[in-house]
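Structure incoming, see below.
A short reminder: the numbers here are calculations on the coordinates, not readings from a lab. Bear in mind that the values here come from a model prediction, so they are computed numbers and not experimental data. Here the Cβ positions follow ideal geometry from the backbone for every residue, glycine too, while neighbour counts run over all protein chains shown.
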Amino acid sequence: MRNLSAMIRGIAVGASLLASTAAQADEQYFPLQSYRVGPYAAGGTGFFGGFIDYLNLVNIRDGGVNGVKLTWDECETQYEVERGVECYERQKGHRPGASAWNPLSVGIAYAMIDRITADKVPLITINHGRTDSTDGRVFPYVFPLLLNPYSETSGIITYIGTKVGGIDKLKGKKIAVLYHGSPYGKETIPIYDLLAQKFGFEVQQIEVPHPGNEQQAQWLTIRRYHPDYVVLRGWGVMNPVALKTAQKTGFPVDHIIGNVWSNSEEDATPAGDAAKGYVAITTQASGAEYPVLQEIVKTVYGSGKGNLDDKKRIGSVYHNLGIVNGILNVEAIRVAQEKFGHRTLTGEEVRWGFENLHLDEARVAALGAKGLFHSIHVTCANHEGEGRVTFQQWDGAKWTVVSDWIAPDWALLRPIIEKSSASYAAEKGITPRDCGN
Amino acid sequence: MMEELRFLIEVLVGGLLSGVMYSLVAIGFVLIYKTSGVLNFAQGSMILFAALTVVSLLERGVPMALAIAVSLVGMIVIGMAIERTVLRPLVNRTPITLFMATLGVSYVIEGAAQLLWGAQVHGLDLGIDDSPLEIQGVLVSSFDLVAAAIAATMVAVLSAFFRLTRTGLAFRAVADDPFAALAVGLRLPAIWATVWATSGIVALVAGLLWGARLGVQFSLSMVVLKALPVLVLGGFDSVAGAIVGGLAIGAAEKLSEVYLGPLVGGGIESWFAYAVALAFLLIRPTGLFGRKPVERV
Amino acid sequence: MTALRFLVLVTALAAGLPLVYSGSYLYDAILTPFLALSLAALGLNLLTGYAGQVSLGSSAFMAIGAYSAYNLTLRIPGLPLVAILLASGGITAAIGLVFGLPSLRLRGFYLAVSTLAAQFFVQWALNKFGWFSHDSASGVISAPALQAFGFRFESPVARYDLSLAVVVLLTALAFRLSRSQTGLNLIAIRDHETAARVIGVSVVKTKLLAFLISSFLIGVAGVLWSFAYLRTIEPNGFTLDRSFQILFIIIIGGVATIRGAFIGAAFMVLLPLGLSNLGAALLPKSFDSGVLEMSLKVVQGSLIVLFLIVEPNGLAALGQRLWRRALPVRSGSKPDAQPFAPPLPETLNGEI
C-alpha cells in the first residue's frame, strides 16, 4: 500500500510537471493548507474562499500580476497539526515552488517555522501566530501581518478606554477576561497584567475548558465579580455559548468585547437574540460595499468562479479577512517584482517583497479597499506592519463599525516582544539579523 | 454573608439544572444498555444528526413541526438501521467489541451529517425565552427550567411506559434475562428495533434542547463525554440513576469550578466530573443503582 | 520462518530503504508517523489486547512522554539520548501505574471511563501549568532536535532511522514478553479473571505490570511522535480523538498480536493519505476538499464496523489465514491466542 501511494503521487507529480512545462505564462503558486471541515470549518471556508476569490480577481481582471498568473491548490488539514505538516511536505514539491504559506492556524504555523526557514519560503500568519515573530530580526521568514495577540489586547483596552470617557478613566474599573482553555487563550495574560498595572484597572482571568459547551460556572463567577467589561477570548463554540450564558446570567451583552477570533458572523448567529449589541475587534471591516468586494462579485462570481457556496457570506468577517490576506500577498509579489523582474519569483524574493510591503491609506484606496482595512507598513525589524484595528457591533443580522481605526500601543509592547524573541534566538542558536537603517 | 449564601444557591441551582441536561443525554444510553447491553457511543452523533436535520430544514423554510417530524422519522430509521446492520451481526460478541462498533458508527453518522447538511454553524431558536428569573434574589435561567420540565416529562413517560405497557414489560424482561425472554416467546429483534427507535427519539429531544443552548454545530456530539460520568454514577442501566447521577454531576462540577477552581487556576470542569465518578466507583464499583455482576468460574 | 528471522528481514529492508529512495515526503509524512503510531498501538495492545484492560487514555500518555522528554532535554543539558528515552518512558510508566490502580477494582466500561479521567486530567494539567512547557507564551513548543554522540537527528532520513531503531528494539522486547509466562498471565486475566486468580496468577501484579509496560511503550511513542515526526509539542495534539485512533489501530490490525499494531497503523496512516492523494490527483481543483474528508470519515467508520463484524481478530488474522492457505503446513508453529472467543452463557448477565 505504501508503494501504491508513492506511485500514485509520483504519477501525479509527473503529470503536473508535464503540464507546467507545457504552460506558456509564468506562474506564482500558493499552496493552501485549508480547512473546510471539522469544528472550525466556517472560518476556514470563509478565509480560504476570500483568498481564492481575490486571486481569481487578479487573474481575471488584470491577467495576473504583471502577466504572471496566480495559481494555487488546496490540501485539507481539518485544523490538525499533523495534517498541516503532511500537506506541507506534499505541497512543497510543487514546481514552481511556493510563494508563501498561509495556514491560518497557530499550531500548524508553529510546526512549520523550522521547515520554512530551512526551505526559505515566507510564512504568513495574518492576525495570529507567534507574537515574538513580529521581530523580523530573529524570524526573517515569518510574518504575523496586521496584528499579533499583544497588539490586539492593547487595542481592546484602548477601545474600552474610549467607552469610559478616556483611557485615564480606566483607573479603578474591573475587567474580566474569559479565555479559552488552551495556549492561545492564555497567551495574553501577561499583557493584561501589564496594562492593568499601567492604567490602574483590575483584571480577572477566567478559564473556559475546551470546547466551552458549559459556561454556567464561569458566568456566575463573573456575576459575582461585577466587572465593567468582559473580554471574550474565545474560539469555536465557546463564543455563542458565552453570549447565551451571559444573557442567562443577566450580563449586558454590549459590555462584552470579543477578540479577533470571536468576531465573526458564525460566532454571533447561533446565539440568536443574545448576541444583539455584542462588540468585537477586527482588522478588516465587514460588508460587501467596498469597491474591491463589488468587483469580486461582478467579475469573479459573475463568471461563476466564486469560491463561496453561500453567496450570503460574501463580505462576512472571514471572507473579508481572506480578501485582505489576498491583497497583502499579491502586493508583496508586486513589490518584489519591481525589484527582481516581472517573472516567477522564488520564495526568497517573495520574502523580500513582504518585508518591504508598505500600503498607506492612499494605496489602500487605490486597491478599492478604503474602509476595508487601514494600512500596513512592514519593515525588516517589524513584521507585523503596524496594522490598525476597529470595532464592530452586531445588530442581529450584520456587523456595523462603531469606532475609528485605533492604533495599538506598539511602543509599550515592543520591549516584551524583543525579550521573547531574544530568548528564542538564544535557545535555537540564531544570530539576530542587523536591520541597519 | 447573605450575598455569599445567595451566590452558593445560584451556583447549586445552575448546576442542578445543567445536570438535568446531562441526564437527557444519559437516558438515551440507558435505554439501549438496559435492553441489549450495548454502550452506544454513537448517541452523541445521533444527537448532532437530529439537531442538524431540524435546523437545516428550518433554514430551508420548512415549518418547525414538519421539520421535527421529518427528523423524528429519520432518527427512528437510523436507530433501527444501526440495530439491524451493525448490532445484530455482532450479537454474541464481547461488550467492548460492541462499544467499538458504536464508535465506528459514530464516525459514520458524524461524517454523513456533515456531508448531507454541511459544516456550518447554525442557531436554533425554539421560542423559549432565556431571560433570567430572579427568585428571592437567586438567579435562575428560564430556559434551563423549561428544559428540566421537558426532561422530567420524558422520564415520566418512559417510566410509565416501562411499568404499564406490554412493550415496556417486554423491555424489562429482555433486560433481566434474554434467554428467559426468548423462552417465553418475546421476539428479541423486534424489541431491540423498538428500543433503538426510542433512543433515536430521545436523541432528537436532547439534540433540540442542547442545540438551542449551544448552537448546532460539530461539537454538539461532544456532550456525550459529559454523559459518561453520569452513567458511571447512576449505573448504566437505570433511568432513575441517570437523573440522580446527572444532578449530582452537574452540581458537583459547577460548585467545584467556582470554589475549587480558583485554587488551581480554573478550568477543572473538563475532568472533575470524571474524577468524581472515579472516586465514587472505587467505593461502589457498579454505581449507585447498577446491578452487581454475578460470576461463575 | 521464525519470528526472529522475520523481524530481522523486515528491519533490514526498512533500514535499507533510504539507500534506494530519499524523497523526504515518504519519510516525513508516512513512515515516521507510522512507526510512532505503531509503537503506541503496541503498548495499547499489550494492555487492552493481551490483558483486556480497556484504556481510552492512550494519547494522554503519549503527551506525558513527549513533555517529559522536552523537559529532560531542556533542564538537564547533555543528557544522552538513550537516557532521555528511558527516562521519558519511565516517567510515563510511573504515572501510568498510578492511573492503572483503578483497574484493581474496576472492570470493562467502568475502567474505560476511569481512563478517560486520566485523559482529561493530563490534558488539563499540561495546559494549566506553564512549567511543563517552559512558560512558553502560547504553549506550543518547538521540540529541540534529538542528538546522540554529537550527531543531530534533523534530516527526514535520520529521524526515520532513529524511530526505526527504537521501534524495532522495543518490538523485539515486547515480542519476548508476549511469549513468556507474563504474556500468558496477561491473556489469562483477560479471558477470565476469577479463574486466573483461582489457578494462581497474581492478578494485582500482572495488571499493574501491564499498565507499567504499556505506558512505557506509549510514552516512548509519544517522544518519537513529537521529536522525530512533528517536531512541535502542544496539548491539542493529544486529544481523545487520537486515543480513539490508537484503539482503532489495534482493533483493525488485530488485538493480542504483535504484528497487529503495525498492520493497523499502516492501515490508519495510509488510508487517509492514499485516498486524499488520489482525490487531489484525480479530481478537479474545484472539488470541495471538505466533501472528500467527510467521505473519508464515513469510510473509516464503516471499515471499522465491517472489520468487527467480519474479522474481529483484525487484519492480522486475515493475513494469517491467507498465508496459511498459500504455504504448506509446517510442524512446530504455535497457533495464535484466540482473543475474541464468544463468552460463556453464564456470563451474559454478569461480567461487563
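State to the nearest 20 debye the size of the charge dipole of chain B about its Cα centre, where the only charges are +1 on K and R beta carbons and -1 on D and E beta carbons. Intermediate values should be presented prior to the final figure.
On the way: 17 positive and 18 negative charges, 275 e Å.
With Lys and Arg at +1 and Asp and Glu at -1, about 1320 debye.
Arranged from highest to lowest average of other beta-carbon atoms within 10 Å per residue, in what order do the peptides C:45-52, A:162-169 appear?
C:45-52, A:162-169
Treating the beta-carbon of each Lys and Arg as +1 and of each Asp and Glu as -1, no other charges, what is the dipole magnitude of the protein assembly as shown about its Cα centre, to the nearest 20 debye?
3100
Strictly greater than 29 Å: what percent of every Cα pair in chain A meets that?
So the pairs more than 29 Å apart make up 45 percent of the total in chain A.
Further question: Only four residue types carry charge here, +1 at the Cβ of Lys and Arg and -1 at the Cβ of Asp and Glu. Report the dipole size of region C:27-237 about the Cα centre in Debye, rounded to the nearest 20.
540
When the Kirkwood radius is taken over all Cα pairs of region A:150-282, what Stokes-Einstein diffusion coefficient follows at 20 °C and 1.002 mPa s, in µm²/s?
Translational D for this selection: 148 µm²/s.
Let me know the shape class of chain B, please: from the alpha-carbon gyration tensor, a ≥ b ≥ c as square roots of the eigenvalues, rounded when a/c is under 1.5, otherwise prolate if a/b is greater than b/c, or oblate.
The shape class here is oblate.
May I ask for the equivalent-ellipsoid semi-axes of chain C, computed as the square root of five times each C-alpha gyration tensor eigenvalue and listed largest first in whole Å?
After scaling each eigenvalue by five and taking roots: 31, 26, 22 Å.
Got a sec? Charge dipole of the protein assembly as shown, +1 on Cβ for Lys and Arg, -1 for Asp and Glu; which of C:Gly43, B:Val146, A:Tyr192 is way out at the positive end?
Farthest towards the positive end: C:Gly43.
In percent, what relative contact order does chain C have, based on Cα pairs under 8 Å that are 6 or more apart in sequence?
30
Let me ask another. Below 8 Å, C-alpha to C-alpha, sequence gap of six or more: please give me the relative contact order for chain B in percent.
35
Tally Lys/Arg at +1 and Asp/Glu at -1 over every other residue whose Cβ is under 15 Å from the Cβ of A:Gln393; what's the total?
-3
For chain A, set up a Gaussian network in which alpha carbons nearer than 10 Å are linked by springs, and say which option among A:Ile126, A:Ile333, A:Ile206 fluctuates the most.
Of A:Ile126, A:Ile333, A:Ile206, the most mobile in the Gaussian network model is A:Ile206.
What average count of beta carbons from other chains do you get within 10 Å of the Cβ of residues in B:133-145?
2
Of B:Ala173, B:Met64, B:Leu17, which is farthest towards the positive pole of chain B's charge dipole, taken about the Cα centre with +1 and -1 on the beta-carbons of Lys, Arg and Asp, Glu respectively?
B:Ala173
Taking the Cβ of A:Arg313 as the centre, find all other residues whose Cβ is under 14 Å away and add up their charges (Lys, Arg: +1; Asp, Glu: -1).
Summing Lys/Arg as +1 and Asp/Glu as -1 gives -3.
Mind checking B:273-283 for the average number of partner chain beta-carbons within 10 Å of each residue's beta-carbon?
Partner Cβ neighbours, averaged per residue: 5.
Here is a follow-up. Looking at the calculated P(r) for region B:33-154, what percent of the C-alpha pair distances fall above 23 Å?
For region B:33-154, the share of Cα pairs beyond 23 Å comes to 47 percent.
Of the residues A:Glu27, A:Glu82, A:Glu331, which exhibits the maximal mean-square fluctuation in a Gaussian network model of chain A defined by a 10 Å Cα contact cut-off?
For chain A, modelled as a Gaussian network with Cα springs under 10 Å, the answer is A:Glu82.
For region B:201-261, rounded, prolate or oblate, judged on the Cα gyration tensor with a ≥ b ≥ c (square roots of eigenvalues), a/c < 1.5 rounded, else prolate if a/b > b/c?
Cα axes put region B:201-261 in the oblate bin.
Ranked highest first by the average count of other Cβ atoms within 10 Å around their residues, in what order do A:377-383, B:109-115 fall? Walk me through the numbers before you get to the answer.
On the way: A:377-383: 19.4, B:109-115: 22.3.
Per-residue mean Cβ counts within 10 Å order the peptides as B:109-115, A:377-383.
Something else: If packing is taken as the mean number of other Cβ atoms within 10 Å per residue, what is the order of B:43-55, C:3-15, highest first? If you can, show how the numbers build up before the last one.
Working: B:43-55: 28.3, C:3-15: 12.8.
Per-residue Cβ counts within 10 Å, averaged per peptide and sorted highest first, yield B:43-55, C:3-15.
Restricting to Cα pairs below 8 Å that are 6+ residues apart, what does the relative contact order work out to for region C:27-237? Please round to a whole percent.
Working: 301 pairs, mean separation 96.9, N = 211.
Value for region C:27-237: 46 percent.
Extent of region C:27-237 along each principal axis, from alpha carbon coordinates, in Å, largest to smallest?
53, 35, 29
Using the Kirkwood radius over C-alpha pairs as Rh, can you work out the diffusion coefficient of region A:195-346 via Stokes-Einstein at 20 °C, viscosity 1.002 mPa s, in µm² per second?
Values: Rh = 18.1 Å.
It comes out at roughly 118 µm²/s.
Provide Rg and Dmax in Å for region B:16-80, with only Cα atoms included in the calculation.
13.6, 40
Specify whether the C-alpha gyration tensor of the protein assembly as shown places it in the rounded, prolate or oblate class, a ≥ b ≥ c being the square roots of the eigenvalues: rounded for a/c under 1.5, otherwise prolate if a/b is larger than b/c and oblate if not.
Here the protein assembly as shown falls in the oblate category.
Here's another thing I want to ask about it. Add -39500 (n - 2.57) for each DSSP H run of 4 or more in the protein assembly as shown, then divide by its residues: what number comes out at 222 nm, to the nearest 500 deg cm²/dmol?
One gets -19000 deg cm²/dmol as the mean residue ellipticity at 222 nm.
Here's another thing I want to ask about it. How many percent of DSSP beta bridges within chain A run antiparallel, rounded to 5?
Roughly 30 percent of the DSSP beta bridges within chain A come out antiparallel.
Which value, in Å to one decimal place, does the Kirkwood hydrodynamic radius take for region C:193-282 when every pair of different Cα atoms is included?
Its Kirkwood hydrodynamic radius stands at 15.8 Å.
Within 10 Å of each Cβ in peptide A:106-116, how many partner chain Cβ atoms are there on average? Round it to a whole number, please.
Counting other chains' Cβ atoms within 10 Å and averaging over A:106-116 gives 5.
Out of all DSSP beta bridges with both ends in the protein assembly as shown, state the antiparallel percent to the nearest 5. Walk me through the numbers before you get to the answer.
Values: 22 of 50 bridges.
Close to 45 percent.
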